[in-house]
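Inspection log for the structure reproduced underneath, given as structure tokens.
Laboratory data are not the source of any read-out in this text; all were calculated from the coordinates shown. Bear in mind that the values here come from a model prediction, so they are computed numbers and not experimental data. Note that each Cβ is placed from the backbone with ideal geometry, even for glycine, and that neighbours are counted across all protein chains shown.
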Amino acid sequence: MEYDEIEILCSALSISWFIQEAAPHLKKGSSVVLISSLAAYNPPPAMAMYGVTKTAVLGLTKVSTWLGFAPFPSKSRKCF
């Protein structure tokens, strides 16, 4: 497995799997906090793949309820 594949698995796909596994256990009003990085917006060239994975985290944060990961619609999705 290549380093880039490992980074994607650890940084982006693992968050997707976590949300899917946690969703059935969440009660109304529960929250899941996902943390990304400023590198999602402007990654240094040496950290391009890291930036891609952090952008994926932002995308998952925004669409998690639409994809059916979360049992209750979210009233706010804050992506700074």
Scoring only Lys, Arg, Asp and Glu (+1, +1, -1, -1) among other residues with Cβ under 11 Å from the Cβ of Tyr50 yields -1
Compute for segment 3-63: radius of gyration divided by Kirkwood radius, i.e. Rg/Rh, restricted to C-alpha atoms, rounded to two decimals.
1.04
